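Below you'll find the structure, written out as structure tokens, and then a few comments.
Throughout, read-outs are computed from the coordinates displayed, never taken from laboratory work. The structure presented is a predicted model; accordingly, all values stated were derived computationally and were not measured. Cβ placement follows ideal geometry from the backbone for every residue including glycine, while neighbour counts extend to all protein chains displayed.
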Amino acid sequence: MLGLLELRLCWRGCFRGFAYDGSLSRCDHDEYHAGVIRGLLSAMFTLGVLASALALPTTVDASAVRCRERISRESATYAQSIMKALNGCGEFVIKGKNPGPCPDATALATIAKAESRLHARIEKDCGGLDRTCGTPDDTPLSFYNWDLGSCPDLEGSGCTNTLNDCGDVSTCTQCVGEVAVNQLVGLYADEFVPSDPRSKLNSCQVRINKESLRLFRTRLTTLRKCWRGVSRERHPGPCPDPGDGKAIIKLEKAEAKLERNICKVCGGADRECGTADDLPASSIGFAAMCPDVAPLGEPSCGGPITDLQGIVDCVRCVSTFKADCVDGLAVPWGTTYPLGCNP
Ligand SMILES: [Ca+2]
Ligand SMILES: [Ca+2]
């Protein structure tokens, strides 16, 4: 038995295709199918017209939103991946399982993979239908505020390539990400005093290495998610403060965790930093001076490092600063690149 919808479609089919004589018995199988197909085609056409009428004014915006979120996501992921690769290699060196130097072949392979992912994903979401940057169908840089002329650089490191298309945006974020991570890892990677892999000192060095990675990664992920909310107009920003109201709390927790975890391992019997039983900075091995850089709204990290607390503060401060520069660069539609990143 035919349902109500089928009856209607069938009747319409009979009416259009044949001299309908008022009798449903004339509406045989073929006529019924012809009617269904005509009905569907007409519905699809109507929907298509409606959809394109509604979508046309926002198509551009939608592609720009997709593109800008992709750049923010991939530039964070890239910096996190190379940081992880260098840290993994560094940990093996500290433990005496790898003679160094870092990056070794494994780390280099990971970095190369991260590099091609960065470029490919940005091409896919910013490069238009041909998924290639530098062709006429690209989403224009101005649609996602990357029409900056040239890459804004990080502390005069030469990340200044001209920005003509989305491929140049990838190159810029790649350059800044690399420089940020190398500078951060450089604080301790080649500075640690060689130590017995079974010693407390060795565990301490491993911990400093790990916690620096953790804070850097957490900060980038938290900021990126906060900006995604701004991009989707869920909250006005800027990030992290006031952001989505959650980011700032997460970041404070991550910083406290870094301090707690390092002090637990390096802080001696009382597991606290700043007391007499701490491992001395000179036996751990660390940069003598913390670089003179300042995270947004904070005093400069700069100054001599004389004790364990100094190491903790410097790792926290510089990890924060580098993450903020990588993040700030990636969201020109949400914030201006922090002045301190390229004074
Ligand atoms: Ca293209
Ligand atoms: Ca202590």
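The slack between residue 200 and residue 300, meaning 0.36 nm per residue of separation minus the straight C-alpha distance, is 32.9 nm. Charging the Cβ of each Asp and Glu at -1 and of each Lys and Arg at +1, and nothing else, the dipole of the range 250-343 about its Cα centre rounds to 320 debye.
In a fully extended conformation the segment linking residue 339 and residue 288 would gain 15.8 nm over its present Cα-Cα distance, using 0.36 nm per residue. Annotation: lysines with alpha-carbon distance below 23 angstrom to residue 210 (same-chain offsets under eight excluded): 84, 95, 97, 113, 200, 225, 250, 253, 257, 264, 322. Entry note, the range 103-209: relative contact order of 18 percent, from Cα contacts under 8 Å with a spacing of 6+ residues.
In terms of its C-alpha gyration tensor, the range 155-292 comes out oblate, because a/c is 1.5 or above while a/b does not outweigh b/c. Report the FRET efficiency, 1/(1 + (r/R0)^6), for residue 164 and residue 232, where r is their Cβ-Cβ distance and R0 is 25 Å, rounded to 0.05. Taking R0 as 25 Å, the efficiency between residue 164 and residue 232 is 0.35.
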